[in-house]
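Participant: Attaching a single structure in structure tokens format; questions to follow.
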Amino acid sequence: MNTTEQTALITGASSGIGYELAKVFAQNGYNLVLVARNTDRLNEIANELRDQHGLETVIVIGKDLTQPNAPQEVYDEVKGFGVDINILVNDAGMGEYGLFATETDLDKELSIIKLNVVALVHLSKLFLRDMVRVNEGKILNLASVVSLMPNPYMAVYGATKAFVLSFTEALRNELKDTSITVTALLPGATNTDFFNKAGAEGTRLINRLRPPIRRK
């Protein structure tokens, strides 16, 4: 099928890896559904990608995926537009830096689980059913290299990414006799706004990613 007839839905598309993936899909002619909380930023990106790549369809859905009904609302809005999703990219995620026992915020950590795990599972269930019905589609889940090891000082984030990897591998096995693929992406530390939002700006890792400016 020509990619101009295919649509990719990307969560967390307003910045970081999600934004970069949106650009890659646009460059390859996919129509897009962009999901994130920051609707204004999504509209800027949508206009940018339409202008640069002449896309027929770029749909913006502003939604906070930590809210229990948000994944269903995203699915219903997509169906309301009459769009079939060929590729689902579960990119949206966040973290929290600090000692679990004494420093991190429980409410934020519960929101991390809701976003990194619950929303991902919910969206996968909804869109995968449609893919199975037509025996065609792809899912890309954003895991992390920390999926493979404990992650001290970001214990909840690391645990959610281990879940994502395990979940992805299980689905891949269940779907092995179909034409549907489910893939986990395991990036290392990346120079995005993730560390700032996680409260990890002062760590040695982020300093390696962003070397100090040498002044003349």
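The values are calculated or read from the model by the stated rules, or taken from the named source; none is laboratory data. What you see is a predicted model; the values in this text were computed from it and never measured. Please note: Cβ atoms are built from the backbone with ideal geometry, for glycine as well, and neighbour counts cover all protein chains shown.
Participant: When only residues in the stretch 52-66 that are at pLDDT 95 or above and of a type in the set (D, E, K, R) count, which is surrounded by the fewest Cβ atoms within 10 Å (Cβ to Cβ)?
Facilitator: Asp64
Participant: Hey, can you tell me all the residues within the stretch 163-192 that are of a type in the set (Gly, Ala, Ser) and surrounded by 18 or more Cβ atoms within 10 Å (Cβ to Cβ)?
Facilitator: Ala184
Participant: Ok, one more. For the list (1) under 27 Å from Ala189 (Cα atoms); (2) without any contact (Cβ under 8 Å) to a residue 12 or more places away in the chain; (3) of a type outside the set (S, T, N, Q), I need the number of the one condition that Gly93 fails.
Facilitator: (2)
Participant: I'd like to check something: does the stretch 83-105 contain any residue that is more than 16 Å from the chain's Cα centre (by Cα), within 19 Å of Thr7 (Cβ to Cβ) and modelled with pLDDT of 95 or more?
Facilitator: Yes.
Participant: Follow-up. Take Arg50 and tell me if it is of a type outside the set (Asp, Glu) and under 17 Å from the mean Cα position of the chain (by Cα).
Facilitator: no
Participant: Tell me which of these Phe195 doesn't satisfy, since it passes every other one: (1) buried (at least 18 other Cβ atoms within 10 Å of the Cβ); (2) of a type outside the set (A, V, I, L, M); (3) at pLDDT 95 or above.
Facilitator: Unmet condition: (3).
Participant: Among the numbered criteria (1) more than 25 Å from Arg172 (Cα to Cα); (2) out of contact with any Phe, Trp or Tyr (no Cβ under 8 Å at 6 or more places or on another chain), which one does Thr104 miss?
Facilitator: (2)
Participant: Do the conditions hold for Ser147, that is, is it at pLDDT 95 or above, among the small types (Gly, Ala, Ser), within 24 Å of Ala36 (Cα to Cα) and assigned to a helix (DSSP H, G or I)?
Facilitator: yes
Participant: Is the stretch 38-55 home to any residue that is closer than 22 Å to Leu120 by Cα, touching a residue at least 60 places away in the same chain (Cβ under 8 Å), in a helix (DSSP H, G or I) and not hydroxyl-bearing (Ser, Thr, Tyr)?
Facilitator: No, every residue in the stretch 38-55 fails to be closer than 22 Å to Leu120 by Cα, touching a residue at least 60 places away in the same chain (Cβ under 8 Å), in a helix (DSSP H, G or I) and not hydroxyl-bearing (Ser, Thr, Tyr).
Participant: If you go through the stretch 14-25 one residue at a time, do you hit one that is more than 17 Å from the chain's Cα centre (by Cα), surrounded by 15 or more Cβ atoms within 10 Å (Cβ to Cβ), at negative phi and modelled with pLDDT of 95 or more?
Facilitator: Checking the stretch 14-25: not a single residue is more than 17 Å from the chain's Cα centre (by Cα), surrounded by 15 or more Cβ atoms within 10 Å (Cβ to Cβ), at negative phi and modelled with pLDDT of 95 or more.
Participant: Moving to a separate point now. Kindly indicate whether Val89 is over 21 Å from Thr160 (Cβ atoms), among the β-branched types (Val, Ile, Thr) and surrounded by 14 or more Cβ atoms within 10 Å (Cβ to Cβ).
Facilitator: Criteria not met by Val89.
Participant: Which condition number does Ser124 fail, the rest of (1) buried (at least 20 other Cβ atoms within 10 Å of the Cβ); (2) out of contact with any helix residue (DSSP H, G or I) (no Cβ under 7 Å at 6 or more places or on another chain); (3) not in a helix (DSSP H, G or I) being met?
Facilitator: Ser124 satisfies every listed condition except (3).
Participant: Same structure again: Checking the condition crowded, with 21+ Cβ neighbours inside 10 Å, at negative phi and out of contact with any Cys (no Cβ under 8 Å at 6 or more places or on another chain), which residue from Ala143, Ala155 passes?
Facilitator: Of Ala143, Ala155, the one residue that is crowded, with 21+ Cβ neighbours inside 10 Å, at negative phi and out of contact with any Cys (no Cβ under 8 Å at 6 or more places or on another chain) is Ala143.
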